[in-house]
Amino acid sequence: MDTYNEPRMATGQNLATLQGKKVVAGARQLKKALVAGKVQTVFLACNADPAITEPIAALCGQYGAQCLWVRTMHELGQACGIEVGATAAAAVDP
């Protein structure tokens, strides 16, 4: 039987976890942080290229990180405190 896990959408409260912390934004840096075990929750933009977001979502499952989706890259970039859109982001544990 096929099982489909509906993507979990991030709320404003979830995105607030990015405020005031060291944030990793961008696919390459995020992958490195995931592999190093420094990330607990990953935020991915729904309107980003699936060729970029799908491998990151798979890594989240592999490394036990929670994966939350944000409506737009612009919204995710604003939550990170940057002026451009972000495909993927996470707060990094010290």
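The values are calculated or read from the model by the stated rules, or taken from the named source; none is laboratory data. Note that the structure is predicted; figures quoted are calculated from it, not measured. Backbone-built Cβ (ideal geometry, glycine too); neighbour counts: all protein chains shown. The protein model used for the area step is the full one, side chains on, heavy atoms only, and it has no ligands, DNA or RNA in it. Shrake-Rupley method; radii C 1.70, N 1.55, O 1.52, S 1.80 Å.
See the values below:
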| read-out | value |
| --- | --- |
| The stretch 61-70 - residue that is closer than 17 Å to Leu15 by Cβ and not aliphatic (A, V, I, L, M) and, of those, surrounded by the fewest Cβ atoms within 10 Å (Cβ to Cβ) | Gln66 |
| Residue within the stretch 40-54 that is assigned to a loop (DSSP other than H, G, I, E, B) and of a type in the set (Val, Ile, Thr) present | no |
| Exclusive hit being free of Cβ contacts under 8 Å to residues at least 12 places away in the same chain and open to solvent by 30 Å² or more (accessible area, probe 1.4 Å), set Pro94, Pro50 | Pro50 |
| Enumeration of residues in the stretch 71-85 that are in contact (Cβ under 8 Å) with a residue 40 or more places away in the chain, open to solvent by less than 70 Å² (accessible area, probe 1.4 Å), farther than 10 Å from Leu18 by Cβ and not in a helix (DSSP H, G or I) | Ile82, Gly85 |
| Any chance Ala45 is buried (at least 20 other Cβ atoms within 10 Å of the Cβ) and at pLDDT below 90 | no |
| Extreme residue, nearest to Arg28 (Cα to Cα), among residues of the stretch 43-81 that are aliphatic (A, V, I, L, M) and touching a Ser or Thr at 6+ places or on another chain (Cβ under 7 Å) | Ile52 |
